[in-house]
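Single-structure report; data block below.
Rule-based calculations on the coordinates, nothing more; no lab input. Keep in mind that what you see is a predicted model, and the values were worked out from it rather than measured. Note that each Cβ is placed from the backbone with ideal geometry, even for glycine, and that neighbours are counted across all protein chains shown.
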Amino acid sequence: MERGARKGLGARSRREADGSFLPLRGRGSGRGSRDTVRPVTEDAIRQSLSRRVADTLLGARESWTRRMFELANSMRADGGGPVYDLSLGNPSLEPPEQWKEAVRTQLADSAPGRHRYMTNAGFPEVRAFIAGREAQRYQIPLEAEDVTMTVGAAGALNVLFRAVLNPDDEVMVPAPYFSEYDHYAANVGAVLRPIPTTEDFELNVDELVGAVTERTRILLLNSPNNPTGAVYGEDSLRALASGLRGLRERGQRVLVVEDTPYRDVVHDGSHVSSMLEHYEDTVLITSHSKDLGLAGERIGYLVISPRAHARVPLRRATSFCNRVLGFVNAPALMQRALPHVLGHPDGTVDVGIYADNCKRMADTLRELGFSLRDPKAGFFLFPGLPEAMRTAEGGDIALTEALREARCVVVPGTAFGRPNFLRLSMCVNPETVDGAIAAFKHVCP
Ligand SMILES: Cc1ncc(COP(=O)(O)O)c(C=O)c1O
């Protein structure tokens, strides 16, 4: 076992169960050399930043995932040995050779003007290619203009929120959910309204439909889900579509926004159903951050349903918002390379390794008394803590701290509003899984 590892959840872990070991909390620097807290006072933060950003950085809403990722980075430099980092969904697999080839070919083309501005929604031929592919996938008649190329899925979500939401509008989301959504809604002064899923993290269709108010503009779905790994089935989506359609009788039209960057990371390769197949007012958002291992290259897109009530205004607005949010357009080189990768039989990454990681870790966790569903898609596990580790406030932070001392970095369920859970990102190499398994076995009695 690595230096610093301890058996079980000791008294100190419990005492520090408020997360004080975490960096970026602005608590001063006097908590011991192993801490990496920055010496910045709350006053300095409040005086120099906007209220909204200061409140976020000083409060619990700052991204736990990012903090844990930064923590793992700082641990790598502390000389204490390997770090088993399961914090961020940062794919370990390299992009396909075909992508490198496509980028090299694009760069070798010395025709003038290839690196200039373009239409804000992206190159017409790339949008046409994506439209054709999505039309085939979901059997719907799309046009190039229904596609806006974006700076990843995150860029697309911000573009869409800016295009559609007024301050105080509600974005309804099944919970637990990807915690960045809070910040994206806050960017436009809108409010996220979490509606709990079932015990099994399935959609609670009746509750979702029943919770719609006159302020609800968007229902945000994420399947396969981060953090739970749930994949919403055809029946749930059909029932949801029918419920939402029913609301129109009382004059309420809810736009479904489907965030699907994990739809091609499905362990048995099966098709993930989309609301594009069931409900007219839908915008699908995706990216190639996860399935092609291109998270740093920032390439994604959004697709407006051809049957959407606001199809034409949305086409114009998403292009406009891409521009005025400062993205201007998705990266030109990545756009140009994409059709040569997606259209090529070798243009994929074998994500089977993520499925193996999930299975190995899930088997170990079950042996240790954690509860979790069989992982089907994506690369996240969201195990419930064994009974003995649960506390009224949640034992996840104490366990996160104990694991950190065993040099394994995870995200506590608190980050997702579920204090008796952990989120583990399994898009890592098998050696990291070996180390993480050893750390869990050491820490969990
Ligand atoms: C559910 C979900 N949506 C969106 C994103 C952002 O993806 P991208 O890198 O394409 O912006 C992530 C990244 O982790 C995610 O998990």
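Just the number, please: percent antiparallel of the DSSP beta bridges in the chain, rounded to the nearest 5. Present the calculation step by step, with values, prior to reporting the outcome.
Values: 16 of 35 bridges.
So the antiparallel bridges in the chain amount to around 45 percent.
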What are the ³J(HN,Hα) values, in whole Hz, obtained from phi via the Karplus relation 6.51 cos²θ - 1.76 cosθ + 1.60 with θ = phi - 60°, for each residue of the range 344-360 in sequence order, with x given for Gly and Pro? 10, x, 8, x, 9, 10, 7, 8, x, 4, 5, 5, 4, 4, 4, 5, 4
Rounded to one decimal in nm, the spacing of the 7 Å Cα→Cβ label points at residue 388 and residue 214 is 5.6
Show me 68-74, 345-351 ranked by packing, highest mean number of other Cβ atoms within 10 Å first. 68-74, 345-351
Lysine pairs with alpha-carbon atoms under 30 Å apart, the chain, spacing 8 or more or separate chains: 10
Of the DSSP beta bridges with both residues in the range 97-342, give the percent that are antiparallel, rounding to the nearest 5. 35
Which Rg and Dmax, in Å, describe the Cα atoms of the range 97-342? 17.7, 58
Measure nothing fancy, just the Cα-based angle from helix 124-138's long axis to the longest principal axis of the chain, in degrees from 0 to 90, nearest 10. 80
At R0 = 25 Å, how high is the FRET efficiency between residue 376 and residue 247 if r is their beta carbon distance? Nearest 0.05 is fine. 0.25
For the Cα atoms of the chain, what angle does the longest principal axis make with the long axis of helix 234-247, in degrees from 0 to 90, nearest 10? 70
Quickly rank 411-423, 129-141 as a protection proxy: mean count of other C-beta atoms within 10 Å, highest first. 411-423, 129-141
How big is the chain along each principal axis, measuring the range of its Cα positions in Å and listing the largest first? 60, 57, 50
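At 222 nm, what helix-only mean residue ellipticity would the chain give, in deg cm²/dmol to the nearest 500, using -39500 (n - 2.57) for each DSSP H run of four or more?
Values: 15 runs with 166 residues, N = 445.
One gets -11500 deg cm²/dmol as the mean residue ellipticity at 222 nm.
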Please compute the modelled spin-label separation between residue 43 and residue 100, points set 7 Å along Cα→Cβ, answer in nm with one decimal. 5.4
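Work out the FRET efficiency for residue 116 and residue 316 from their Cβ-Cβ distance, taking R0 = 22 Å, and round it to the nearest 0.05. Intermediate values should be presented prior to the final figure.
Numbers: r = 22 Å, r/R0 = 1.00.
Once the sixth-power term is evaluated, E becomes 0.50.
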